[in-house]
Amino acid sequence: MVLDSLGCGGAPDASEFGDAGANTLGHIIQARQGDLHMPNLAALGLGEALQHSSGMSSPWPAARSGVWAVAREISKGKDTPSGHWELAGVPVPWDWHYFPDETPAFPPQVLAALQNFAGGSLANCHASGMPVIEAFGAEHLRSGLPICYTSVDSVFQIAAHEEHFGLQNLYDLCQDMAGILHKMKVGRVIARPFVGSLETGFQRTLNRRDFAMDPPSATLCEWVMQAGRPVHAIGKIGDIFSMRGITRCRKGSDAQLMEHLADEMRQAPDGSLTFANFVEFDTLFGHRRDAEGYARALEWFDAQIGPILAQSRPDDLVIFTADHGNDPTWRGTDHTREQVPVLVHGQNLAQTQVSDRMIAFQDVAATVAAHLGVVAQGQGRNFL
């Protein structure tokens, strides 16, 4: 389970990304003056992971169960594909292409493609999702031109009205642009559909879709599928891995994803892999720099996960982690380069001794593979 953007500070190369001192979990705790109620993840060692990673004291009692560690990324990015691919055993071997923070942000060949596929575009700048929709939404409805923007991540985002532009037209445009942008090593083209009007206000819908580059080699998902086991994706996992190694994908809001997760815990066959991403920590609170909203979302997640863990079977292994940081108290609106907590729940972990609490993202994939008894094709090691 990936709690999207729940970093815990301490990345040794954070200064290279302009993020020295960023600490998503730690600064949320400080904003709450230590009053963050997360008993279930704290029992697995969330506080210990925070202290080990950043030196910040834990507000919770000592861990009572499970195993904890802190994971460090080697891919030169702080984005969704880099984090998820490396957690699945495959670091990014290339440098991503990033668009400059200027207007227009996109080079002539990209603008020419937009002219060819859509008759042009609006925005063409660095922006955050809802502000750019609010700024250009009315003009989009008048002109029919898509709203195209980017961020410090290797991403090209296209926002369009589901009814006036058409959802399938938006997906088709993203697919067309992905063929060009992926060759430039732009990691994702993201469809950002919205509804509403200038009078009633605009709202993004749940029909987001990511058109990501294929991972450079087989990931954990494919290792498991090659062994004849099913791989069930929850949230945007299917998009991130271009459906490679994915048997079934279920999407929705984080509340709906939690229901899907409960179903998987009850029904998933032995030997299967369920890979989930809960994205709203990142999209609704990290990017919008809403520390209180992020805190409430964490407390909701923790309360929901308690009953789900209680129904786990004796041989189930459940891992909570994150793909990067997104400190809601940090400057700007973008991800932050951080280490991430790794919390492991399993009924057979009572006697497990971990020799090194600082692990690699790739070690998560190797550990899952070892638990499932499939061959790990990456460089990670089983840390349990």
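Translational diffusion of segment 86-130 was estimated from the Stokes-Einstein equation, with Rh taken as the Kirkwood radius over Cα pairs; at 20 °C and 1.002 mPa s the coefficient is 166 µm²/s. Taking θ as phi - 60° and the Karplus parameters 6.51, -1.76 and 1.60, the scalar couplings of segment 255-269 work out to 5, 5, 5, 5, 5, 4, 5, 4, 4, 4, 4, 7, 10, 4, x Hz in sequence order, x denoting glycine and proline. Between 167, 343, 206, the GNM of the chain built on Cα springs shorter than 10 angstrom shows 206 fluctuating the most. Around residue 178, under 10 Å between beta carbons, what's the net of Lys plus Arg minus Asp minus Glu among the other residues? Value of the local net charge: 0. 3J(HN,Hα) along segment 84-101: 5, 4, 6, 4, 8, x, 10, x, 7, x, 10, 8, 5, 8, 10, 8, x, 7 Hz, from the Karplus curve 6.51 cos²θ - 1.76 cosθ + 1.60 with θ = phi - 60°, whole Hz, x for Gly and Pro.
Quick one: if you take sqrt(5λ) for each eigenvalue of the C-alpha gyration tensor of segment 81-220, what semi-axes come out, biggest first, whole angstrom?
Details: eigenvalues 140, 53, 36 Å².
Equivalent-ellipsoid dimensions as semi-axes: 26, 16, 14 Å.
With a cut-off of 12 Å between beta carbons, the residues surrounding residue 44 carry a summed charge of -1, where Lys and Arg count +1 and Asp and Glu -1. Between residue 192 and 158, 159, 160, the built amide H atoms are under 5 Å apart, and every one of these is 5 or more places off in sequence or on another chain. For the chain, a crude dipole built from +1 on the beta carbon of Lys and Arg and -1 on the beta carbon of Asp and Glu, taken about the Cα centre, is about 440 debye to the nearest 20.
Measure nothing but the geometry: give the 0 to 90° angle between the long axis through the Cα atoms of 129-143 and the longest principal axis through the Cα atoms of the chain, rounded to 10°. So the helix axis and the longest Cα principal axis differ by about 30 degrees. Farthest toward the positive end of the dipole of the chain, out of 221, 281, 15, is the Cα of 221, where the dipole comes from beta carbon charges about the Cα centre. In this structure, residue 351 and residue 164 have a Cβ-Cβ separation that, at R0 = 51 Å, corresponds to a calculated FRET efficiency of about 0.25. Solvent-accessible surface of the chain, averaged per residue with a 1.4 angstrom probe and all protein chains in place: 39 square angstrom. What angle, in degrees between 0 and 90 and rounded to the nearest 10, separates the Cα long axis of helix 291-310 from the longest principal axis of the Cα atoms of the chain? Approximately 50 degrees, to the nearest ten. Distances between placed amide hydrogens fall under 5 Å for residue 338 paired with 325, all partners being 5 or more residues away or on another chain. Springs between Cα atoms under 10 Å define the GNM used for the chain, and in it the highest mean-square fluctuation of 338, 139, 16 occurs at 16. What is the sum of charges, Lys and Arg at +1 and Asp and Glu at -1, for the other residues whose Cβ falls under 12 Å from the Cβ of residue 331? Net local charge, residue 331 excluded: -2.
Which trypsin sites (Lys or Arg not before Pro) in segment 1-95 sit in a loop by DSSP (not H, G, I, E or B) and have at most 12 other Cβ atoms within 10 Å of their own Cβ?
Numbers: sites: 32, 64, 72, 76, 78; in loops: 32, 64, 76, 78.
When the trypsin sites (Lys or Arg not before Pro) of segment 1-95 are filtered for loop state and at most 12 Cβ neighbours within 10 Å, 64 remain.
Shown in residue order for segment 151-156 are the 3J(HN,Hα) couplings computed by the Karplus curve 6.51 cos²θ - 1.76 cosθ + 1.60 at θ = phi - 60°: 8, 6, 7, 7, 8, 10 Hz (x for Gly and Pro).
For the listed peptides 56-62, 228-234, 45-51, a ranking on the average number of other beta carbons within 10 Å per residue, highest first, reads 45-51, 228-234, 56-62. Note the angle between two axes, namely the Cα long axis of helix 167-181 and the longest principal axis of the Cα atoms of the chain, as a number of degrees from 0 to 90, rounded to the nearest 10. For helix 167-181, the angle is close to 80 degrees.
Once both labels are positioned 7 Å from their Cα atoms along Cα-to-Cβ, the gap between residue 116 and residue 242 label points is 2.0 nm. Only beta bridges with both residues in the chain are counted; by DSSP, about 45 percent of them are antiparallel. Note on segment 278-352: Cα Rg divided by 2.2 N^0.38 Å, N the number of residues, gives 1.31.
Based on the Cβ-Cβ distance from residue 266 to residue 30, what FRET efficiency comes out when R0 is 45 Å, to the nearest 0.05? About 0.75, to the nearest 0.05. With only the Cα atoms considered, the chain has a convex hull volume of 129 Å³ per residue.
Rounded to the nearest 500 deg cm²/dmol, what is the calculated helix-only ellipticity per residue at 222 nm for the chain, with -39500 (n - 2.57) per DSSP H run of length n ≥ 4? List each step's numbers first, then the result.
Details: 12 runs with 128 residues, N = 384.
The helix-only estimate for the chain comes to -10000 deg cm²/dmol at 222 nm.
Among all the lysines, which ones have a C-alpha under 23 Å from residue 183's C-alpha, if same-chain residues fewer than 8 places away are not counted? Leaving aside lysines fewer than 8 places away in the same chain, those within reach of residue 183 are 76, 78, 236.
The values are calculated or read from the model by the stated rules, or taken from the named source; none is laboratory data. Small disclaimer: the values here were computed from a predicted structure and weren't measured. As a convention, Cβ positions derive from the backbone with ideal geometry for all residues, glycine included, and neighbour counts pool all protein chains shown. Accessible surface areas use protein heavy atoms only, side chains included; no ligands, DNA or RNA. Shrake-Rupley method; radii C 1.70, N 1.55, O 1.52, S 1.80 Å.
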